[in-house]
Amino acid sequence: MKKQCVLVSGGAGYIGSHTAVELIGAGFDVVIVDNLSNSDRNAVEGVRRITGVEVPFVEADCCDRAAFRKVFEQYEFDSVIHFAASKAVGESVLEPMKYYRNNLTSFMNVIDLMREFGRQNIVFSSSCTVYGEPEKQPVTERTPRKPAESPYGNTKTMCEDILRDSLKAYDGLKGIALRYFNPIGAHPSALIGELPRGVPQNLIPYITQTAAGIRECLSVFGDDYPTPDGSCIRDYIDVVDLARAHVAAIRRMIDGKNKEKYEIFNIGTGRGVSVLELVHRFEEANGVKINYKIVGRRAGDIIAIWADPTLANTELGWKAERSLDETLRAAWAWEKHLRNL
Ligand code: UD1
């Protein structure tokens, strides 16, 4: 039987590179397209080293329709996983047009080209950010979406709507939006992982860089929230587990198991962990001390959110498997690999 091929846009990025590895491990061919605007060619090399496969890589911007069309002309994939997008919440507030132009144009190009070339299955990287500050925990896929707090978040909501409407209108196309909770960790080989540019905005890279001595002190944003220890609560999902959810989503569509043309799944562990708990678990799992101080709240932060992943468990046959300690050890191993520690 002919091998199925998947185009991974943003495949040199953090989640994209891990997904490429898991797809290849599951027997798929993969083509990576990435403009390297917030990623590194070395991630593609990492994917090749882990898998032993010379994965084709095209350096192109999905917003550049002509360049992107060439990828569709050259490769015969039936499925696309669309990661390529800008993702810094703070930057999106300062540069909204960059976010709307980049995240919406690239996504609309994907859908248009898939129609033009008769490609069938699309997975879109959405986010739990679409739920805003939820009234009830854990959130299910039926929890109402809230108006986005940032242009970044709004692009996720808008792309979900673009996908929903397109799938309703166009035959021959089906899609799944995966709403990620907080992806953390790295591949156990320590050959790929998260590569933040400049000062990390997200918690885990800040913790690992503090442990490595690159940052002096982690600022914990607020200990006066209405949570058991006063710090915010999130659902931290291992990036390898998250990558496998994409494989399950693609399989579901290829096997015709999807119940609707458009489906949505929460991808989380179902476990809420506070910032302070995460810091202490990291210290214990890795035997290192993290210098931290409590500072004021960060504007726009959600107090608490964690997933009800039941639908993904039952329908996708997917479950988060790696323990938090394993994940935190992988995150530290990756940081040490990067810094030659
Ligand atoms: C945010 C977005 C999410 C997006 C992700 C990727 C929202 C609600 N969430 O996640 O959709 O995919 O960014 O960029 O918009 N923290 C500290 N000190 C730090 C850094 C973080 O205390 O130096 C705390 C934060 O206050 C928060 C938690 O750690 O409570 C997690 O923060 P972060 O890793 O930035 O992710 P989110 O803000 O949850």
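Give the residues of region 149-190 that are open to solvent by 10 Å² or more (accessible area, probe 1.4 Å) and of a type in the set (Asp, Glu), sorted by residue number. Residues satisfying the conditions are Glu149, Asp161, Asp165, Asp171. Number of residues in region 191-206 that are touching a residue at least 60 places away in the same chain (Cβ under 8 Å), open to solvent by 40 Å² or more (accessible area, probe 1.4 Å) and near the ligand (Cβ under 9 Å from one of its atoms) equals 1. When only residues in region 159-190 that are of a type in the set (D, E, K, R) and within 16 Å of the ligand (Cβ to nearest atom) count, which is nearest to Pro205 (Cα to Cα)? Ranking the candidates gives Arg179 first. Being over 15 Å from the mean Cα position of the chain (by Cα) and within 22 Å of Trp318 (Cβ to Cβ) is a property that does not hold for Arg179. Within region 111-158, the residues that satisfy the criterion of being within 13 Å of the ligand (Cβ to nearest atom), at pLDDT 95 or above and either within 30 Å of Glu76 (Cβ to Cβ) or among the hydroxyl-bearing types (Ser, Thr, Tyr) (or both) are Ser125, Ser126, Ser127, Thr129, Tyr131, Tyr152, Thr155, Lys156, Thr157.
Regarding Val93, is this residue surrounded by fewer than 17 Cβ atoms within 10 Å (Cβ to Cβ) and either under 18 Å from the mean Cα position of the chain (by Cα) or within 14 Å of the ligand (Cβ to nearest atom) (or both)? Answer is yes for this residue. Of all residues in region 272-293 being loosely packed, with under 15 Cβ neighbours inside 10 Å and closer than 28 Å to Glu91 by Cα, which is farthest from the ligand (Cβ to nearest atom)? Of everything passing the filter in region 272-293, Asn291 is farthest from the ligand (Cβ to nearest atom).
Selection of helices (runs of 4 or more DSSP H) fully inside region 1-85 by the criterion of at least 3 residues being in contact (Cβ under 8 Å) with a residue 60 or more places away in the chain returns 14-25, 41-51.
The condition (being within 15 Å of the ligand (Cβ to nearest atom) and charged (D, E, K, R)) is satisfied by just one residue among Asp224, Asp241: Asp224. For Thr269, are the conditions met, namely being within 16 Å of the ligand (Cβ to nearest atom), touching a Gly at 6+ places or on another chain (Cβ under 6 Å) and open to solvent by less than 70 Å² (accessible area, probe 1.4 Å)? Spelling it out, it is not the case that Thr269 is within 16 Å of the ligand (Cβ to nearest atom), touching a Gly at 6+ places or on another chain (Cβ under 6 Å) and open to solvent by less than 70 Å² (accessible area, probe 1.4 Å).
The values are calculated or read from the model by the stated rules, or taken from the named source; none is laboratory data. Just so it is clear, the structure is predicted and the values come from calculations on it, not from any experiment. We place every Cβ from the backbone using ideal geometry, glycine too, and count neighbours over all the protein chains shown. Each accessible area value is taken on the protein alone, full model and side chains, heavy atoms only, with ligands, DNA and RNA left out. Shrake-Rupley method; radii C 1.70, N 1.55, O 1.52, S 1.80 Å.
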